1. If we only count helices (runs of 4 or more DSSP H) wholly inside region 47-165, which ones have 1 or more residues that are over 20 Å from the mean Cα position of the chain (by Cα)?
2. Can you name the number of the only condition in (1) away from ligand 2 (no atom under 16 Å from the Cβ); (2) at pLDDT below 95 that ILE461 fails?
3. Out of GLY94, GLY37, GLY20, I need the residue that is away from ligand 1 (no atom under 16 Å from the Cβ) and either in contact with a His (Cβ under 7 Å, 6 or more places away or on another chain) or more than 30 Å from VAL154 (Cβ to Cβ) (or both). Which one?
4. Being surrounded by fewer than 24 Cβ atoms within 10 Å (Cβ to Cβ) and polar (S, T, N, Q) is the filter here; which residues of region 119-157 pass it?
5. Looking at region 495-527, which of the residues that are among the small types (Gly, Ala, Ser) and assigned to a helix (DSSP H, G or I) is surrounded by the most Cβ atoms within 10 Å (Cβ to Cβ)?
6. Please pick out the residue among GLU603, GLU513, GLU593, GLU582 that is over 26 Å from THR219 (Cβ atoms) and without any contact (Cβ under 8 Å) to a residue 12 or more places away in the chain.
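The values are calculated or read from the model by the stated rules, or taken from the named source; none is laboratory data. Worth saying up front: this structure is predicted, and the values here are computed from it rather than measured. So basically every Cβ, Gly included, is an ideal-geometry build from the backbone, and we count neighbours across all protein chains shown.
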Amino acid sequence: MNLANKILSSHLKEGRLIPGEQICIQIDQTLTQDSTGTMAYLQLEAMDVGHVAVEKAVAYIDHNMLQTGFENMDDHEFIRSVAKKHGITFSKPGNGVCHQLQLENFSKPGKTLVGSDSHTPTCGAMGMIAIGAGGLDVAVAMATGKYYLQCPQVIQVNLTGKKAPWVSAKDIILKVLQELSVKGGVNKIVEYTGEGIASLSLTDRATICNMGAELGATTSVFPTDERTLEYLKQQGREEDYIELKADEDAQYDQRLDIDMSALSPMVAKPHSPDAVVCVEELEGMHINQVVIGSCTNSSFADMMRAAKILKGRKVSEHVSLVIAPGSSSILAMLSENGALSDMIHAGARILECGCGPCIGMGQAPLSKGVSLRTINRNFKGRSGTNDAGVYLVSPEVAALSAIKGYLSCQFEDNMYLEDIPNTPFIKNENFFINDYDPQTDIYMGPNIKPVPKGDKLTEQIKGKMILKVGDNISTDHIVPSDSKLLPYRSNVPHLAKFSFSKVDSEFYQRAIENNGGFIVGGDNYGQGSSREHAALVPNYLKIKGVFALSFARIHRSNLINNGILPLIIDKDGYEFFNGQDEYTLLNVKDAVENDKDIIVKNETTNQTMIAKLSLTSREKVMILQGGLLNAIKELGGDF
Ligand code: MIC
Ligand code: SF4
C-alpha cells in the first residue's frame, strides 16, 4: 500500500478505496480561518450541535485583519463566541497564518485534517491526510467527525538527487506545476517518495504540499523520518512522532520523476501558477514590489534565508519590500536573534503575521506594476490591482531581487545560509484561547447576514445562459476578494454585486433581471480557493446550474452543497450555448434519481443536446433537497 491509502484506510468509515468511489473518512482535526469561517460557523449553528466531535478544532483569524470598519472585528468576535460555545480553540489575530500555525502546534503524523481553506494540505508535510473543503463540509466534520469525498487516485512524485544551494522547495513544486498543470491533480493525492526526500526539511515539505493545492490535488503527503522528528522536537512535541512510509512494493496510479540536482530557480508568470519558466529566462526584468510571506513561504527557515541575503545590504530605491512572518513564534525568534533588525535595516516593511497581501489585504501593487511574491497564486486582480503582474518565486530569489531592483538569480556565495539554527521554538500560548462554555451567547454583528438556502429540485428547469467563460476560471473570478470585499464574507447579498465583476461587469445586473439562469464554463471551472461564497453567491442569485467541461474538486462540492447542478458537457456542448438564449433542462429529477443523461433544449432554436451529471448517492440527495443544509434538516445531522 502507498502511504496515502494507509492513512485513508485507517480512517475509512464508509465505502471502498477504489478511485472514483464515494468514501467517508473519520476526521481527527479541523481548521477554519475567518474569511470562510463565519459562514462555516453560521452553518454549524444551524445544525444545533454541542461540543465538536473531533480531537482538535481550531478557528484562526488571519485573513481579514485590516479592520478598516467594524465588519472584521465583528466577525472575529462572532467566531470567538462560537468557538467558546463548541469547544474550539480560537487563535487570535496576530498569531499568524492558519497553515503555519497548524503545522507548528497541532499537526501529527497519521492524522486526518479537513480545513475551510484550500491550502490545508500544508500539513501533508507531517505525514497527514489534510484536505481543503468548503465551509459547510468542515462544519459537518466538526459536528459529526465525518468527511465525504471521491476516493482519489495516488500520483507518486519520486524525488532524486540533491538541490543546489540556490534552489529552494518552491522551485520543486513550481517544477511539478510545470509538468502537471493547474488541473493535473484533480481528484488525486500527490505522494512524495525517493531518496531525495531526506535532504528536505519539514518546512520545505510544507511549501511543496501547500502548493499542491495549485495542482487542484485533493492533498499531498510526505512520509515521516528524522527530519519530521527534528521539527517536532523543535516544537516541543516529539512524543507525537510515529514513523510512516509506503510499503516497498506500493502501487501508484501515475508517476513523475524529478531529479532535484537538475533544477534551477523558477518563476511562475502572470496569471497562472503553472506558467512556469526558469528565472534565468527573465533575468533583469524590472520590478516594483517584493512580498515575502504567505502560508507557502513564511517559515522560520524562509525568513532566516531572506534575512541573510538582506543583511548589510539595501533594498533598491524603486522597490517596496514587505515581509510577513508566518507566526508570532517566528516573529519573536527573528526579533531575538537579530534577523528582524537585519531586514528592517535593509529597508523592509514588516507586516503583522497573517495573509495580508496574498489575498489583497493591503499592499496592492502600482498600476501595471510588477510584483514578485513568494505566495502560491497569481490570478489576475488577486493582488488588488487588476493590471499588475504577479510573479511567484522563492524567498531567496525575492530577497535578492529586492536588492537588485530587478528579477535575478545571480547570488553571491556569502549570501548563503549554510545551516538554519535548529533552536526550539519560542511558544506563545497567549494568542490561543481554549475556553469552553456551552451556554455562551453568540455575538452577531449587523454585517452578518443569513446563509442562502436552495430550493428542492423540480423535473424541469428553465433559464437563460447569462454568462459564458473559458478554461480555468478560478473562485477568485467568481467572487473576487480584496480589502474592499473581504470584510463582506458574512454578507452574501453585498458580495453578490461584485460576482464575476473582473470578467464581466454586467453579470450581476443580468442575473437579477433574469432571476438567475445558467453559467457555461470550460475546463477546471472553479479552481483555486475553497471559498464557498463562489457557490453561495450563485445560490443567492438563483443560478440553477453550471455547465462546464470539467470542475475543480472543492468548487464542485460547494455547488452541490448549495443545490446547484454541476453539469458536464463536451466541446460540442460548449459550442451549443450561444448568445443569451433560453434553455430548458427537460428531465432533471428523473435524471438525478435514475442516473440518466439530462436533455437540454434551446428554446430559441428548438435544438437539444445532452449534459451529464455524475453524482454519488449522497450528492443525489443533496441536489434533490436543494443543498446540504436542507438535506440535514430533512434527514438528520448525521446524514
Ligand atoms: C486563498 O488563498 O484564496 C484563500 C483566501 O485563503 C482561500 C479561502 C478564502 O477564499 O477565503 C482558500 O485558499 O481557500
Ligand atoms: Fe492566506 Fe494566502 Fe495562504 Fe490563502 S494562500 S491561506 S490567503 S496566505
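1. Output list reads 70-86, 135-144.
2. (2)
3. Values: GLY37 fails: away from ligand 1 (no atom under 16 Å from the Cβ); GLY20 fails: either in contact with a His (Cβ under 7 Å, 6 or more places away or on another chain) or more than 30 Å from VAL154 (Cβ to Cβ) (or both).
Going through GLY94, GLY37, GLY20 in turn, the sole match is GLY94.
4. THR144, GLN150, GLN153, GLN156
5. Initial filter on region 495-527 (among the small types (Gly, Ala, Ser)): 496, 499, 501, 505, 511, 516-517, 521-522, 526.
Of the ones still in play, those that are also assigned to a helix (DSSP H, G or I) are 496, 511.
Details: ALA496: 22, ALA511: 24.
Per the criteria, the residue is ALA511.
6. From the options GLU603, GLU513, GLU593, GLU582, the qualifying one is GLU513.
One line per residue, one yes/no per condition, for (1) over 21 Å from the mean Cα position of the chain (by Cα); (2) closer than 24 Å to ASN430 by Cβ; (3) surrounded by fewer than 24 Cβ atoms within 10 Å (Cβ to Cβ):
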residue: HIS318; (1), (2), (3): yes, no, yes
residue: SER327; (1), (2), (3): no, yes, no
residue: LEU372; (1), (2), (3): no, no, no
residue: ASP387; (1), (2), (3): yes, no, yes
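Conditions (1) over 30 Å from ALA139 (Cα atoms); (2) within 29 Å of the chain's Cα centre (by Cα); (3) assigned to a helix (DSSP H, G or I), marked per residue:
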position	(1), (2), (3)
PRO566	no, yes, no
GLY579	yes, no, no
ASP595	no, no, no
VAL600	yes, no, no
THR605	yes, no, no
MET609	yes, no, no
LEU615	no, yes, no
MET622	no, yes, yes
ASN630	no, yes, yes
